[in-house]
Amino acid sequence: MENFNLEEKHSLEKVYEQYKDNRDVISLFSGAMGLDIGLGKAGLNIVIGQDFEQACIETMKANGHKVLGGDIREINPKTLLELTGLHVGEPFMICGGPPCQPFSTAGKRLGINDPRGSLFMDFIRMIDYIRPRFFVMENVKGIVSAPLKHVPAAEREKDDLEQRLGTVLDVILSEFKKLGYKTVYGVLDAVNYGVPQFRERFVLIGSRDSEDIFLPMPTHFQIHQNPDYRWKTVGDVIKDLEDAPGEYTPLSGDRKKYLHMVPEGGNWKDLPQEIIPVAMGGAYESGGGKVGFYRRLSYAQPSPTITTSPAQKATMLCHPKQDRPLSLKEYARIQQFPDDWEFTGTISAKYRQIGNAVPVGLAEAIGRAIISTANRTSTIATKRFRGTGVHNRIKNAMELGGSSYGD
């Protein structure tokens, strides 16, 4: 609010105070709504979703949600407010995950130079106009170190973002700082929040009013005396579906034959040595760990990160006992979608929607952290603090297990 004069600042503060009890959320880049379901479970109200992909739009509609479809670059934020009946400064939160492909740790990582990467500026544009109390932006962890593509000085415009050399994250944080939002960010692993899956995601939380925001503390651990607080496993969520897995993409004859030789929890390395070159084909001589080839999950462990296609040779996610990829229903269970959640489109479109989603448990933890900030209930104030060293070690262990913080 440093850009406003004193009179304008006081006027805005009155507006914000008027809406302090609001819990309405505007969702952007909503996909299949994994993030939104989790925020809803935490106690927030998703008033509208937005996406470009038609299958995602139809999925949201099929589950009873109001949707604004179309390219966000062509959407006026005023339109969003008109559709929701909300006013500037009224929404509790704007949430979303701008397309993450440019920031993946694989590939060229063009960052904001990729047209998809620049969509985060439209996310910022919406926040600049609507002025929600909080925002949540999630992305792949590669965004933390994704570099800006170097552009020769002679080719840069005076105010070009790329004049600020550094990382994509540097630019994002700079833009939110200009808007007056306090931010905290880090990489969270969903397995530490009751999700039966190792899945690291970058999470950035912002506060318009400089409230004491924080990343959610882990709630589940690899070792714990209470089974309710241990990591959840694949068996916990899909074992009951063995006899009725539902729809899935079958493997071709050869792939199914080789998968049959892989034990639970194994992959291509567990095939008989004389068979590996034939089973792997051209990939046999390539570099990398190739862990996704003929990968069979274990009931006793959390799942690897769910991909958008479990039947592809390099990204297989196959059933612990049966010779097939995970089914759509099993995929949805691992991502913690409700059993009655309806996905629309082709089978590949459904896998893609589920695979791209934020796990519901992680989203719920984020929502609860923000609500506790808003309600000022996140911290227990004490006059004396005994056993400081012990408690600090526990706190540090929790933070290392689930998050890292930024300014």
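Name the residues in region 355-378 that are β-branched (Val, Ile, Thr) and either touching a residue at least 40 places away in the same chain (Cβ under 8 Å) or crowded, with 18+ Cβ neighbours inside 10 Å (or both), would you? Answer for region 355-378, where residues must be β-branched (Val, Ile, Thr) and either touching a residue at least 40 places away in the same chain (Cβ under 8 Å) or crowded, with 18+ Cβ neighbours inside 10 Å (or both): Val358, Val360, Ile366, Ile370, Ile371, Thr373.
Take the conditions (1) open to solvent by 50 Å² or more (accessible area, probe 1.4 Å); (2) assigned to a helix (DSSP H, G or I); (3) closer than 27 Å to Asn192 by Cα; (4) touching a residue at least 12 places away in the same chain (Cβ under 8 Å); Arg255 misses just one of them, which is (3). Take the conditions (1) more than 21 Å from Leu326 (Cβ to Cβ); (2) in contact (Cβ under 8 Å) with a residue 40 or more places away in the chain; Thr308 misses just one of them, which is (1). For Ser207, are the conditions met, namely being polar (S, T, N, Q) and farther than 25 Å from Ser327 by Cβ? Here the answer is yes, as Ser207 does meet what is asked.
Restricting attention to region 208-235, the residues being part of a loop (DSSP other than H, G, I, E, B) and surrounded by fewer than 12 Cβ atoms within 10 Å (Cβ to Cβ) number 6.
A quick yes/no check of all residues on (1) part of a helix (DSSP H, G or I); (2) touching a strand residue (DSSP E or B) at 6+ places or on another chain (Cβ under 7 Å); (3) of a type outside the set (S, T, N, Q); (4) open to solvent by less than 50 Å² (accessible area, probe 1.4 Å):
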site	(1), (2), (3), (4)
Tyr284	yes, no, yes, no
Phe293	no, no, yes, yes
Ser298	no, no, no, yes
Ile306	no, yes, yes, yes
Pro320	no, yes, yes, yes
Tyr331	yes, no, yes, yes
Gln353	yes, no, no, yes
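Restricting Gly266, Gly246 to those that are over 29 Å from Thr346 (Cα atoms), in contact (Cβ under 8 Å) with a residue 24 or more places away in the chain, among the small types (Gly, Ala, Ser) and in a loop (DSSP other than H, G, I, E, B) reduces the list to Gly266. When each of Ile238, Ile172, Ile205 is tested for being at pLDDT below 95 and either under 30 Å from Arg133 (Cα atoms) or surrounded by 19 or more Cβ atoms within 10 Å (Cβ to Cβ) (or both), the lone residue that passes is Ile172. On the stretch given as region 333-351, residues that are touching a strand residue (DSSP E or B) at 6+ places or on another chain (Cβ under 6 Å) and part of a loop (DSSP other than H, G, I, E, B) total 0. The set of residues in region 172-190 being among the charged types (D, E, K, R) and touching a residue at least 60 places away in the same chain (Cβ under 8 Å) consists of Asp189 alone.
Residues in region 269-282 that are in a helix (DSSP H, G or I), among the hydrophobic types (A, V, I, L, M, F, W, C) and surrounded by fewer than 21 Cβ atoms within 10 Å (Cβ to Cβ): Ile276, Val278, Met280.
The values are calculated or read from the model by the stated rules, or taken from the named source; none is laboratory data. From a predicted model like this one, the values you see are computed outputs, not experimental measurements. Using ideal geometry, Cβ is built from the backbone for each residue, glycine included, and neighbour counts are taken over all protein chains shown. What goes into the accessible areas is simple: the full protein's heavy atoms, side chains included, and nothing from ligands, DNA or RNA. Shrake-Rupley method; radii C 1.70, N 1.55, O 1.52, S 1.80 Å.
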